[in-house]
Amino acid sequence: MVIGILKEPFFETRVSLLAVEAAALIKSGHTIWVEQGAGSKSFCLDDDYKASGAEIKSRADIFDGADMVLGIHYKDVPGSVKNKVFIGFYQPIYHPEVVDEWLQQNNTVFSLDMLPRTTRAQSMDVLSSQSNIAGYKAAVLAASLYPRYFPMMMTAAGSIPPVKILILGAGVAGLQAVATCRRLGAVVEVFDTRAAAKEEVLSLGAKFVEVEGAADASKAGGYAVTQTEDFQQRQKQKIADSIKKADVVITTAQIFGKKAPVLITTEMIENMKAGSVIIDLAAATGGNSELTKDNETVVHHHVSIIGNSNLAASMPSDASRAYGRNMLNFLKLLINKEGSIDLNLEDDIINSTCITNDGKVISKIINANQIHGNVTQLHTQQS
Ligand code: NAD
């Protein structure tokens, strides 16, 4: 099979497959075409791809001749590209308009953000691999922006207390942020609505703040669900108490397919100490604070609020490596020994990730939410 690797749009630093992973596919008998300059922002140069056995091609050549096209974002694909297989991180649940494009173009599209969060899917789980990097980078970014030390310092000039950090949401990103902040010597408090998160937080040496009466999320595939108004009020009160003492806040709270819950009000931010830093990883889905702006830094009352949901892209080498390995593991499942696609829709991984095939929507989640043909639905949905 001829597999093309696209250069991502200007705002992206990552690439979907580095040269090492390309070499593995070539060894399995595939031909790899790489769009010129695709890996340069991830420090994988055209010569590195050539050395791995791949060929450097133009974008038009890839759309024209590749059987399968790998990427991260779905952007700038001409309407004339038909009957192709695309695999990426397309987030159709937040970008329903592209589902209609895929149907019209009769493209078979797999989106890895739709993988089930199961043990079997773990090696392909791009959400986890990229969130892990984002959580680490959120902690490191906070440490570089916060105008004081993170660890306790005992110096001849006197001692300095450790930074107090509040983390909202203890999923993959939140837990990695907890672990990294702890390694840097911070004192950490954590909120999450999933009871299962408590043990993981405690095992990292952080304090878990419990709010009674969270909605049952046992049928949501591990994800959190929307909370009742009463719970939200009680949770906000506890967050208000914690945030007054916090110097740094890292927020990661998300509800799959919906707007992120607003957990931090403007009043809470106004009660924080001057110089405090908030890193909001949920910015792309609306943000966890009232003042978050996606891809912007807002300074309010001497508190910096950094809205960035794509922090993984600030470590493009490792992020691309992890993404590419996830992709390779997915391809091992999708491509059979004869080198062609085995569209086994009985397999929950294939079934969940396959968004369109043969002019039909396959994904149960997309079908159940009637996401295609209704562009505004998720953007206006209340959390
Ligand atoms: P996510 O990005 O969807 O959400 C981040 C965290 O925010 C979650 O822990 C969620 O419970 C929390 N949250 C949501 N609303 C909140 C609120 N109002 N207040 C406080 N916290 C709130 O999460 P994720 O990192 O993508 O992980 C989703 C789930 O999948 C988790 O349960 C995780 O353990 C599970 N998971 C399983 C596997 C696996 O088994 N293969 C792999 C990765 C993740």
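The values are calculated or read from the model by the stated rules, or taken from the named source; none is laboratory data. Everything numeric here is computed off the predicted structure, so don't read it as measured data. Cβ sites come from the backbone with ideal geometry, for glycine too, and all protein chains shown count toward neighbours. Note: accessible area is taken over every heavy atom of the protein model, side chains too, but ligands, DNA and RNA are not part of it. Shrake-Rupley method; radii C 1.70, N 1.55, O 1.52, S 1.80 Å.
The table that follows gives values for the structure above.
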{"item": "Residue within segment 64-87 that is over 21 Å from G257 (Cβ atoms), open to solvent by 10 Å² or more (accessible area, probe 1.4 Å) and assigned to a helix (DSSP H, G or I) present", "result": "yes"}
{"item": "Every residue from segment 86-107 that is within 18 Å of A38 (Cβ to Cβ) and not small (G, A, S)", "result": "F86, I87, F89, Y90"}
{"item": "Segment 211-224, subset open to solvent by less than 70 Å² (accessible area, probe 1.4 Å) and touching a helix residue (DSSP H, G or I) at 6+ places or on another chain (Cβ under 8 Å), residue farthest from the ligand (Cβ to nearest atom)", "result": "G213"}
{"item": "Candidate set: segment 254-285, residues that are part of a helix (DSSP H, G or I) and open to solvent by less than 60 Å² (accessible area, probe 1.4 Å); chosen: the one modelled with the lowest pLDDT", "result": "T285"}
{"item": "Strands (runs of 3 or more DSSP E) completely within segment 117-176 that count 1 or more residues being more than 9 Å from the ligand (Cβ to nearest atom), open to solvent by 60 Å² or more (accessible area, probe 1.4 Å) and among the aliphatic types (A, V, I, L, M)", "result": "153-155, 158-160"}
{"item": "Subset of segment 302-349 [among the aromatic types (F, W, Y) and free of Cβ contacts under 8 Å to residues at least 12 places away in the same chain]", "result": "none"}
{"item": "Residue that is least open to solvent (accessible area, probe 1.4 Å) [pool: residues in segment 315-369 that are part of a loop (DSSP other than H, G, I, E, B) and charged (D, E, K, R)]", "result": "D347"}
{"item": "Some residue of segment 93-106 being open to solvent by 20 Å² or more (accessible area, probe 1.4 Å), β-branched (V, I, T) and either part of a loop (DSSP other than H, G, I, E, B) or touching an Asp or Glu at 6+ places or on another chain (Cβ under 9 Å) (or both)", "result": "no"}
{"item": "D294, sole failed condition from (1) within 18 Å of the chain's Cα centre (by Cα); (2) on the phi > 0 side of the Ramachandran plot", "result": "(2)"}
{"item": "Subset of segment 225-274 that is within 23 Å of G135 (Cβ to Cβ) and without any contact (Cβ under 8 Å) to a residue 40 or more places away in the chain - its residue that is nearest to the ligand (Cβ to nearest atom)", "result": "Q227"}
{"item": "Residue, farthest from D318 (Cα to Cα), within segment 29-56, restricted to residues that are of a type in the set (S, T, N, Q) and open to solvent by 30 Å² or more (accessible area, probe 1.4 Å)", "result": "T31"}
{"item": "Residues of segment 177-210 satisfying the condition of being within 8 Å of the ligand (Cβ to nearest atom) and either assigned to a loop (DSSP other than H, G, I, E, B) or surrounded by fewer than 16 Cβ atoms within 10 Å (Cβ to Cβ) (or both)", "result": "D192, T193, R194, A196"}
{"item": "V299 vs. criteria free of Cβ contacts under 8 Å to residues at least 12 places away in the same chain and either more than 16 Å from the ligand (Cβ to nearest atom) or under 16 Å from S242 (Cα atoms) (or both)", "result": "yes"}
{"item": "Evaluation of K207 against (1) closer than 25 Å to R234 by Cβ; (2) touching a Pro at 6+ places or on another chain (Cβ under 9 Å) (one fails), failing number", "result": "(2)"}
{"item": "Tally of residues being open to solvent by 60 Å² or more (accessible area, probe 1.4 Å) and farther than 14 Å from G71 by Cβ across segment 11-28", "result": "3"}
